[in-house]
Amino acid sequence: MKITKAESFILHVPITPPITDAINVATHWGVTGVRIETDEGIVGYGYTGTTAKGDEMIASTIDRYYAPALIGRDPFMVRRIWDDLRFGPMHWIGRAGITHMALAAVDVALWDIMSKAAGKPLWQYLGGHKPDKIKAYNTNGGWLNWSKERLIADMTAMLEQGFTAVKMKVGKPDPREDFDRVQAVRKAIGDEAGLMIDVNQQWNITTAMTWGKKLEQFDLIWLEEPLNPDDIPGHRKLADELNVPIALGEHVYNKYAFRDYIAQGAVEYVQVDVTRVAGVTEWLQVAGLAAAFDLPVCPHVGDMGQIHQHLVAATPNAVMLEYIPWIRHIFEEPIEVENGFYKLPELPGASTTILPRYFDEYRVK
């Protein structure tokens, strides 16, 4: 099999209503990716996720530097292709961020092609571990721009839908308001429901230590991204001194950075995101690294779960998966959660095939 064509695309899918966390305001989700054609008629789709900002730089990287290097290559040589692109001309200007997100899209599309050619959903092609379902937790109700009343209503409603764990955003200018919102949610959902909180990097070490200690009483599953993602010593200090596990990974872009976090004991839930590290190839390496330290993997879903459902289903130390359903309707086989569990995909591929009508409706490039 040979690759005959590779072309980028950008879709902007509306988020209704718009949401905010401590650093982002999002009205659309950017689905920036690549469509790769082969001489055997199999087409692969891969993409990364954004807040609909900077997509043109990712697409330009794909079209100018990665797509030409794919023509004539065998997609089954995916790891060789990954090395050639990762350590090729773009290595000089970027080993994270834009170049890695572009490489993620290419790599996912190649794994999509291979699993389609094998006639297997990706989770089986990788060697399945979970036979029929994976646990989900719901983030799509805990937004920072929600009033306390709406926050409580949404969090309790998600539990009534069958979810057993929910996540809410914190990072208000006054941490006392965060404390009040967390306290109100815990009281409303009861002691049995799982609760996570996500700071989105808004605290310094002093704030995190002070308010992390205060928040311990609410029996949190984890405290997510409390500090700048480049501050490994700070996260290690929190991991050592707080009785709440530290979760992070959505802004950690390569296996070497994850190695340093893990080896220094600075992370306890590894949230590696296939759209931020350079695709399935590097995601599997990070998950394996976490397994060597007996750490659980709970991915951040920049893909909104389409690809990650396969990876979690194939990975023994991946324990659950975030649920945010913003873009599920655009796919041939959308993610499906029932009674708090993802139902595993059945169609061959990585569940990344986009329905043609949504290229017409949402395409901006």
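The values are calculated or read from the model by the stated rules, or taken from the named source; none is laboratory data. Everything numeric here is computed off the predicted structure, so don't read it as measured data. No Cβ is skipped: glycine too gets one built from the backbone with ideal geometry, and neighbour counts run over all protein chains shown. With ligands, DNA and RNA removed, areas are computed over all heavy atoms of the protein, side chains included. Shrake-Rupley method; radii C 1.70, N 1.55, O 1.52, S 1.80 Å.
Scanning segment 335-350 for residues that are among the β-branched types (Val, Ile, Thr) and open to solvent by less than 30 Å² (accessible area, probe 1.4 Å) yields a single hit, Ile335. When Ala247, Ala290 are checked against the criterion of being farther than 28 Å from Trp29 by Cα and under 17 Å from the mean Cα position of the chain (by Cα), Ala290 stands alone in meeting it. Contact map, segment 173-201: residues that are closer than 15 Å to Glu160 by Cα paired with residues that are of a type in the set (Lys, Arg) and in a helix (DSSP H, G or I), Cβ distance under 8 Å, separation 6+ or inter-chain. Pairs shown: Leu195/Arg186. Here Asp260 fulfils each of the conditions (1) among the acidic types (Asp, Glu); (2) surrounded by fewer than 21 Cβ atoms within 10 Å (Cβ to Cβ); (3) within 20 Å of Gly49 (Cβ to Cβ) apart from (3).
If we scan segment 298-310, do we find a residue that is part of a loop (DSSP other than H, G, I, E, B), closer than 17 Å to Trp29 by Cβ and either in contact with a Pro (Cβ under 6 Å, 6 or more places away or on another chain) or among the charged types (D, E, K, R) (or both)?
Step one: list which residues in segment 298-310 are part of a loop (DSSP other than H, G, I, E, B), which gives 298-307.
Among the residues that remain, those that are also closer than 17 Å to Trp29 by Cβ are: 299-307.
Those still in the list that are either in contact with a Pro (Cβ under 6 Å, 6 or more places away or on another chain) or among the charged types (D, E, K, R) (or both) too: 303.
The answer is yes; a qualifying residue exists.
Considering segment 320-334, the residues that are assigned to a loop (DSSP other than H, G, I, E, B) and within 14 Å of the chain's Cα centre (by Cα) include one that is surrounded by the most Cβ atoms within 10 Å (Cβ to Cβ), namely Ile327.
Test Val25 against the stated conditions and say whether it is more than 20 Å from His310 (Cα to Cα) and either of a type in the set (A, V, I, L, M, F, W, C) or open to solvent by 50 Å² or more (accessible area, probe 1.4 Å) (or both). So Val25 passes the test. Applying the condition of being of a type in the set (Gly, Ala, Ser) and closer than 16 Å to Arg259 by Cα to segment 276-308 and asking which residue is most open to solvent (accessible area, probe 1.4 Å) yields Ala292.
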